[in-house]
Amino acid sequence: MKEPRISYVDPATITDPAMLEELDRCRREGTPRPESQAVRAHVPATFWSFADTWRTVFKEGVADHSIKELCRVYVSRSVKCEYCGNQRSEQARAQGLAEAQYDDLLNFETSARLSEPEKAALAYAEAITWRLDTDDAFWERLYRHFSEPELVELGCFIALTMGQQSWLRLLNIDHHEVLPGTAAAMAPGFGTPQALAASKASPEYWARRTAT
């Protein structure tokens with residue numbers, strides 16, 4: 001196991017009951033799981049800024065949660081944040097989001113599994129992530145499927161998760177390292193330390209590094 005580039009704050013050293021409850025919620029529900037919040041816990045204001053924004057913009061809000069979840073993992077696949085990309089939203093699972101839909105993210109335009117609103121949102125995520133130029137047709141497509149409040153929330157969420165994932169991918173953090181013992185919000189094949197290691201060693205692993 002690689003050492004994190006920024007250490008985890010040991011939950012046993014935290015005296016704020018609200019922070020401990022939030023970390024336990026991460027353990028129970030995931031997205032985010034405890035490790036990333038244990039890094040943010042070095043600065044309680046940062047911990048709460050992220051937790052509160054994530055709750056109101058990702059888990060709650062005006063736009064469909066499953067669409068936001070697809071955009072989140074599109075960003076993971078694009079920036080190769082393994083920590084984020086190996087998580088799944090339990091809320092989106094309960095809403096019926098299927099694992100096969102994640103498989104189509106990087107080729108979303110040709111997918112038979114993704115709806116037209118999902119494809120439009122992913123085009124929005126693509127433009128933000130890769131800094132693509134947009135035209136009238138791009139925005140007309142978005143307005144066919146989303147209201148202005150939804151476009152604001154989606155844009156802010158995609159920008160938030162892109163920034164966070166671009167940072168987290170540098171930190172060498174991984175699952176089952178803080179408050180271990182649950183598979184909450186883990187992608188199939190990543191629910192235990194042993195399964196995670198085996199999945200990462202597979203030649204089919206989505207973030208497999210090629211030899212140089």
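The values are calculated or read from the model by the stated rules, or taken from the named source; none is laboratory data. Keep in mind the model is a prediction, meaning the values are calculated, not measured. No Cβ is skipped: glycine too gets one built from the backbone with ideal geometry, and neighbour counts run over all protein chains shown. We work out accessible area using only protein heavy atoms, side chains counted, and drop any ligands, DNA or RNA first. Shrake-Rupley method; radii C 1.70, N 1.55, O 1.52, S 1.80 Å.
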Taking 25-32, 108-115, 63-70, 179-186 and ranking on average Cβ neighbours within 10 Å, highest first, one gets 63-70, 25-32, 179-186, 108-115
Once phi for every residue in the range 149-162 is put through the Karplus expression 6.51 cos²θ - 1.76 cosθ + 1.60 (θ = phi - 60°), the whole-Hz ³J(HN,Hα) values, with Gly and Pro written as x, are x, 5, 5, 5, 5, 4, x, 5, 5, 4, 5, 4, 6, 5
For ASP135, placing the label point 7 angstrom along Cα-to-beta-carbon and taking the range 106-127, residues whose amide nitrogen sits under 15 Å are none
Longest principal axis of the chain (C-alpha) makes with the long axis of helix 65-79 (C-alpha) an angle, in degrees to the nearest 10, of 80
In degrees, nearest 10, the alpha-carbon axis of helix 136-145 is tilted away from the dominant principal axis of the alpha carbons of the chain by 70
Rounded to the nearest 10 Å², the 1.4 Å probe accessible area of GLU153 is 20
Singleton cysteines, the chain, no second Cys beta-carbon under 4.7 Å -> CYS26, CYS71, CYS156
Reduced to Cα centres, the span from the range 143-193 to the range 87-116 in Å works out to 14
Rounded to the nearest 10, the angle in degrees between the Cα long axis of helix 44-54 and the longest principal axis of the Cα atoms of the chain comes to 40
Per GNM of the chain with C-alpha springs under 10 angstrom, the most fluctuating residue out of THR53, THR15, THR161 is THR15
For the chain, the percent of accessible surface on carbon and sulfur atoms (probe 1.4 angstrom, ligands and nucleic acids excluded) is 54
accessible surface per residue for the chain, probe 1.4 Å, DNA/RNA/ligands not counted, whole Å² -> 49
Long-range amide H partners of GLN87, meaning residues 5 or more apart or on another chain whose placed amide H is closer than 5 Å, are ALA187
Per the charge dipole of the range 75-212 (beta-carbon charges, Lys/Arg positive, Asp/Glu negative, Cα centre), the residue among LEU106, SER166, ILE128 reaching farthest to the positive end is SER166
Rounded to the nearest 10 Å², the accessible area of TYR124 using a 1.4 Å probe with every protein chain kept is 30
Beyond 25 Å (Cα-Cα) in this structure, taken from LYS59/LYS119; LYS2/LYS119; LYS2/LYS68; LYS59/LYS80, we find LYS2/LYS119; LYS2/LYS68
